[in-house]
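Input: a single structure, listed below in structure tokens.
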Amino acid sequence: MALLTTDDIVNKKFQPTKFREGYDQDEVDDFLDEVVNTLDTLTKERDNLKEQLEEANRKIAELEAGGAVAAPVEQPQPESQPEPEPVVEEPQPEPVAAAAPVEVPESTSAVSMLTMAQRLHDEYVQNGQQEGEEIIAKARVEADKIVAEAEQEHSRVMAQLEQERGMLERKIEELKTFESEYRAKMSSFLEGILSDLAASAPTE
């Protein structure tokens with residue numbers, strides 16, 4: 001009996017039953033699909049193994065056809081080495097005494113320290129003078145600014161005071177004028193009343 005192929009399984013048709021309930025056709029189709037997938041996988045694995053087997057057989061045949069026994073290789077004879085010549089010891093030079101350290105006189109060190117101290121002192125003095133001059137210059141500028149602002153404020157206040165004094169003087173003059181006019185009017189009014197009283201008084 002020949003083996004089934006995937007086409008045989010896919011094209012297989014089931015006859016429906018007439019007098020009794022049969023299998024579900026959808027389930028049968030799904031199962032056949034699974035069988036087809038399984039057969040495809042097995043077929044591919046079989047073909048792959050067959051190719052590997054053929055490749056292995058081919059390599060074995062090539063090795064058997066080309067195998068030959070290698071000829072023995074002659075070992076080289078060791079060459080005779082000359083005897084070593086005696087080593088003559090050379091005379092070692094006598095050790096040279098290390099040079100004694102040169103002592104620096106204390107006076108030279110003291111002079112260097114004094115020179116350095118004097119240089120540092122001069123630098124500090126110069127820096128202090130420069131900073132002092134800068135501080136004095138800034139103080140002068142600030143003082144001039146303060147004096148100028150004070151003079152401006154003084155001028156403004158004096159001008160305002162002069163203006164207010166002028167206004168007060170004008171008010172005083174106006175009050176004096178009003179007082180003089182008022183006194184004159186009152187005096188004239190009182191004189192008129194006295195004249196009227198004198199004229200209306202009975203004679204004895």
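Since every read-out is calculated from the coordinates, none of them should be taken as a lab result. Here the structure is a predicted model, which means the values were calculated and not measured. Virtual Cβ from ideal backbone geometry, glycine too; neighbours counted across all protein chains shown.
Where a Cα-Cα gap under 16 Å defines reach, which lysines qualify for LYS185, not counting those fewer than 8 residues away within the same chain? The qualifying lysines are LYS176. Partner lysines whose Cα lies under 20 Å from the Cα of LYS59, excluding those fewer than 8 positions away in the same chain, are identified as LYS50.
For segment 152-184, trypsin sites (Lys or Arg not before Pro) meeting the loop criterion (DSSP other than H, G, I, E, B) and having at most 15 other Cβ atoms within 10 Å: none. For segment 129-185, a crude dipole built from +1 on the beta carbon of Lys and Arg and -1 on the beta carbon of Asp and Glu, taken about the Cα centre, is about 540 debye to the nearest 20.
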